[in-house]
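To start, the structure itself, in C-alpha cells.
The values are calculated or read from the model by the stated rules, or taken from the named source; none is laboratory data. The structure presented is a predicted model; accordingly, all values stated were derived computationally and were not measured. Here the Cβ positions follow ideal geometry from the backbone for every residue, glycine too, while neighbour counts run over all protein chains shown. Areas reflect the complete protein model, heavy atoms only, side chains present, ligands, DNA and RNA absent. Shrake-Rupley method; radii C 1.70, N 1.55, O 1.52, S 1.80 Å.
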Number of protein chains: 2
Amino acid sequence: MTYKVKDVAETAGVSVRTLHHYDQIGLLKPTSTTDSGYRLYTDQDLERLQQIMFLKELDFSLQEVREILDTPGFDRMQALASQKKLLLEKRKRLDAIIDLVDKTLYTIEGGDLMAKKEMFEAFDMTEIERHQQQYAEETRQKYVRSSAYQESQKKTAGYSQDDWAVIQTKANKIYQNLADLMDYEPSEPQVQEAIGQWRQHITDHFYTCTLEIFRGLGDLYVQDERFTANIDGIKPGLAAFMCEAMHIYCDRNAE
Amino acid sequence: MTYKVKDVAETAGVSVRTLHHYDQIGLLKPTSTTDSGYRLYTDQDLERLQQIMFLKELDFSLQEVREILDTPGFDRMQALASQKKLLLEKRKRLDAIIDLVDKTLYTIEGGDLMAKKEMFEAFDMTEIERHQQQYAEETRQKYVRSSAYQESQKKTAGYSQDDWAVIQTKANKIYQNLADLMDYEPSEPQVQEAIGQWRQHITDHFYTCTLEIFRGLGDLYVQDERFTANIDGIKPGLAAFMCEAMHIYCDRNAE
DNA sequence: ATAAACTATGACGTTACGTCAAAGTCAATA
DNA sequence: TATTGACTTTGACGTAACGTCATAGTTTAT
C-alpha cells in the first residue's frame, strides 16, 4: 500500500511542506517515486515518521533525529522504551511547572514568600537535556557494542572447552584481585593496574576493547541488573567500584 | 532590590541574549538603567519574567505573550488559574503520547494492528491550540468587559430605587418572553427579536453592548455558574438557550 | 594602577518551517 | 475527447527566537 504526500500529511497531521523538508534533508525519503516525480510513501515510512514525531516531541533537532534513526542496528522497540523514559521525564517537569503555578498562587494569596530561584527552577531543562544526551549516547553505544559483539562472536566461535576454562580462570583472578582492592580508592595505582588488566583480558579473548567501549561497559555493570548481580556475587559493591575505576581509567587514558 | 542582567539570567536559567531580546521587543523592559546603560531589574520584573515563561511553556509566541501581559486589567491570579488549565491540557496530550508508545510497543510485539491515524493522533495539537485561543480570547474579553463595567458603573451611579424597579421589570419581561420561546429553535425570528430586545435593554440602561461583548456575555451565562443558576431559576435550560441564540444573533449581525 | 569580569550594541548565522509563485501531472467532469 | 479542477513538483523569500561573535565601554577585584 502506498500513499501520496497529501495522504501522509493528513494522516500524520503535518504539512506537505514538512514532508518536503524531511525529504530534502534526508530524514524521511519516500520509498519510491512515480515517473513524474511524485513521492510514494509506504507503511514503513509512516513508522519512521512516527519515530520522528516521538523524537521531535522530545526536542531533538532534526539532525539528531536522523542520526539516531540512521544508527546501524537501530532497534525500534528499545528506542521506544527509552523514549518512554524521556517522555516520563518531560511529564515530571511539566508536573513541577503545574505545581509551581499552585505555589505561586499561594504566594500571591499571602502565603510564604517564594525564593527567587524557586520561581524558575521548574522550567529548568537540565535534567531533560541530560536524559537526551544519555539517550543519544546509549544509541551510539549500542551500535559500537554491536560491532564489538560481532568481532567477539567471530573470535569465540573457535574456542574449545579448555580455552573457556582458561579464560574463566583468568577472569576470576582479575575479579578477585579487584575485590581485594575495594578498600582502596578507585583512582589508586594498583586498582588502575588491575582495571588495565581487565581491559587487556577482554581485548585478548573477545574483542578490541576501545576506551569508548570500556567506558560504556562500566556503565552497563551498574545499569544492567544482570551484570550487577553477577559481579556483586563476587563481593557486594564490586560492580559500582569497577564502574568508577573504569571511568577514571578512561579519563586518564583519553589523551 | 535590583538585579543586573547576569543575576536575572542565572536566577531564571535563561541567557543574557534572551533578556536583551525581550528588552528589544518590549516584552520585558528593565525597570531602570544605570547612567552607563546597564539594565536594572526588580522583583516585579522577575514576576513578569515568570509569567513569560509560563506562557512560553504553553507555546504562545512572544508577541502573543506581550499582548496578553499588556492587556489592561491583566489579573495575575486569574491568568495563573487559566494557565494551569492549559498546562493540564498539555499534560493530557503528553499522557496520550506516552500511552501511544505503549500501544506501539504492543503492536510491534504482535498485538492488534494499529490504524494509521491512531499512530499519530496523540501528537495532535488541535485541542491545545483551541484552549490557547480560548485563553487569549478570555483575556481580551475580560478587558473589553472591564471597559463596559466602568461605563456601567458611571451610568448606574445615578439610578434611583424607582429606576431600578423599572429596569428590573423590563428585564423580567424579556427573560419571561424568552422562556416562553424555548420550544422554538434559537434561530427563529421571534427568538432573535427577543434577543435583540435584550441587547437593547443592556445598552439603554448599562453600557454600550457591542456584538463582541454580547457574544462573550452569552458564553458567560453558561460558563459562570452564578449566571447559570440565576437565569435557569426562571426556567431550567434558559441560560444555554440564550447563549446559543445570542451567538446566532451575533453571527447574523456581524456583517 | 592594572587586569579580570561584566555590560552594552550591532550583526551574522541557524533551525524549521510557512508562504508564495510558476509549471507540470493526474483525475473528474462536460 | 477536451477541459477544468485538484494535486504535485521545485525554487525562493520570509519569519521567529535566539546563539555566537566582535568591538568597545564600565565595573570590580587584585
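Between A and B, roughly 3800 Å² of accessible area is buried in total, ligands, DNA and RNA not counted and the probe set to 1.4 Å.
Quick one: net charge around B:Ser187, please, counting Lys, Arg +1 and Asp, Glu -1 for every other residue with C-beta under 9 Å from its C-beta. Taking every Cβ under 9 Å from that of B:Ser187, the sum is -2. Nonpolar atom fraction for chain A, defined as the carbon and sulfur part of the 1.4 Å probe accessible area, stands at 49 percent. Residues in region B:158-253 average 54 Å² of solvent-accessible surface per residue, probe 1.4 Å, ligands and nucleic acids excluded.
Working from the Cα coordinates of region B:81-210, the gyration tensor eigenvalues give, after taking √(5λ), semi-axes of 50, 21, 11 Å in decreasing order.
Counting from the shortest, the label point at B:Gln190, 7 Å from Cα toward Cβ, is 10.4 nm from the same position in each remaining copy. Taking a ≥ b ≥ c as the square roots of the eigenvalues of the Cα gyration tensor, the protein assembly as shown is prolate, since a/c reaches 1.5 or more and a/b is larger than b/c.
Taking a ≥ b ≥ c as the square roots of the eigenvalues of the Cα gyration tensor, region B:51-96 is oblate, since a/c reaches 1.5 or more and a/b is not larger than b/c. What residue among A:Thr169, A:Ile52, B:Pro236 has its Cα farthest toward the positive end of the dipole of the protein assembly as shown, where the charges are +1 on Lys, Arg and -1 on Asp, Glu, each on the Cβ? Towards the positive end, the residue furthest out is A:Ile52.
For region A:158-253, a crude dipole built from +1 on the beta carbon of Lys and Arg and -1 on the beta carbon of Asp and Glu, taken about the Cα centre, is about 160 debye to the nearest 20.
Each Lys and Arg contributes +1 and each Asp and Glu -1, all at the Cβ; summed about the Cα centre of region A:73-146, the dipole is approximately 560 debye. Label-point spacing at A:Gly26 relative to the other copies reads 4.5 nm, in ascending order, each point sitting 7 Å out from Cα along Cα→Cβ.
With the Cα gyration tensor of region B:1-48 giving a ≥ b ≥ c as the square roots of its eigenvalues, does the rule (a/c under 1.5 for rounded; else a/b larger than b/c for prolate; else oblate) give rounded, prolate or oblate? Verdict is rounded for region B:1-48. Which GluC sites (Glu not before Pro) in region B:12-76 pass both tests, a DSSP loop state and at most 14 other beta-carbon atoms within 10 Å? When the GluC sites (Glu not before Pro) of region B:12-76 are filtered for loop state and at most 14 Cβ neighbours within 10 Å, nothing remains. Charge dipole of region B:1-139 (Cα centre as origin; +1 on each Lys and Arg Cβ, -1 on each Asp and Glu Cβ, all else neutral): 340 debye, rounded to the nearest 20. Averaged per residue, region B:27-114 has 50 square angstrom of accessible surface, using a 1.4 angstrom probe with ligands and nucleic acids left out. Close amide H partners of B:Cys209, meaning residues 5 or more places away or on another chain with modelled amide H under 5 Å apart, are B:Thr203. Which entries in A:Lys117/B:Lys84; A:Lys92/B:Lys6; A:Lys29/A:Lys84; A:Lys117/B:Lys29; B:Lys6/B:Lys29 show an alpha-carbon gap greater than 18 Å? Going by Cα-Cα distance, A:Lys117/B:Lys84; A:Lys92/B:Lys6; A:Lys29/A:Lys84; A:Lys117/B:Lys29 fall outside the 18 Å limit. Which Cα, out of B:Thr139, A:Pro189, A:Leu19, lies furthest along the positive dipole direction of the protein assembly as shown (beta carbon charges, K/R +1, D/E -1)? The one lying farthest along the dipole's positive direction is A:Leu19. Starting from the label point of B:Lys154 at 7 Å along Cα→Cβ, the same points in the other copies fall at 8.9 nm, in ascending order.
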